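The block underneath contains the structure these notes are about, expressed in structure tokens.
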Amino acid sequence: MLENRVEDAQDTELQTSPSGALASSHSPLCKRNLSRDEMELRRIEAAEDFLHGLSQSQVVAKFGVSRTTASRWRCELTVNGLESLRKTKASGRPSRLTSDEKVQIANMFDLGPLALGFSDNRWTAPLLARVIEERFNVHYSLEHVGRLLAKLGPARTEVCANESGT
């Protein structure tokens, strides 16, 4: 039966201690989401390492990525060159609202719920979701409508006393 010992691992090119390759900012020990720019930089650095002779397993250890990811990067580099590893625009899911409808929602938001016939002048996610569904026949989750509210601006409150002249 083979036993893996720390001493055996330290004798290889790949090190397991924080003083070795895993101490880099690419380490799986540094769990955080990378920005698109950081991901691109990581791919380009890995490509340069491939070009300088590092093996796929060394790239996996250095950058803390899966073997599948390193394999995909190496294949892209080999077949399509370094530029294929650069970031591209993330299209995401198409909006269910047109640009004109988004402008209309922003205008309704600015007018406030009172102007639309509601009894309170505070926008809430359920209220905005109801307005969007009634006016544009588009159903959004309350979580998504909450993000829309955050983009539109601070929550509406009743008119302040200094604005009403009292």
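The values are calculated or read from the model by the stated rules, or taken from the named source; none is laboratory data. The model shown is predicted, which means the values in this text are computed figures rather than measured ones. Don't worry about glycine lacking a Cβ; one is built from the backbone with ideal geometry, like all the others, and counts go over all protein chains shown.
Data table
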item	result
Any hit, segment 64-78, residues being without any contact (Cβ under 8 Å) to a residue 60 or more places away in the chain, within 30 Å of VAL138 (Cβ to Cβ) and surrounded by fewer than 16 Cβ atoms within 10 Å (Cβ to Cβ)	no
Sole exception among (1) closer than 22 Å to ARG36 by Cα; (2) free of Cβ contacts under 8 Å to residues at least 12 places away in the same chain; (3) assigned to a helix (DSSP H, G or I) for ASN107, by number	(1)
Test set (1) over 21 Å from the mean Cα position of the chain (by Cα); (2) at pLDDT below 95; (3) outside the structural domain of LYS151 (by TED's automatic domain parsing) - ASP49 fails condition number	(2)
Answer residue from segment 133-146, given it is touching a helix residue (DSSP H, G or I) at 6+ places or on another chain (Cβ under 9 Å) and in a helix (DSSP H, G or I) and is surrounded by the fewest Cβ atoms within 10 Å (Cβ to Cβ) among those	GLU143
Selection within segment 33-77 - among the hydroxyl-bearing types (Ser, Thr, Tyr) and part of a helix (DSSP H, G or I)	SER57, THR68, THR69, SER71
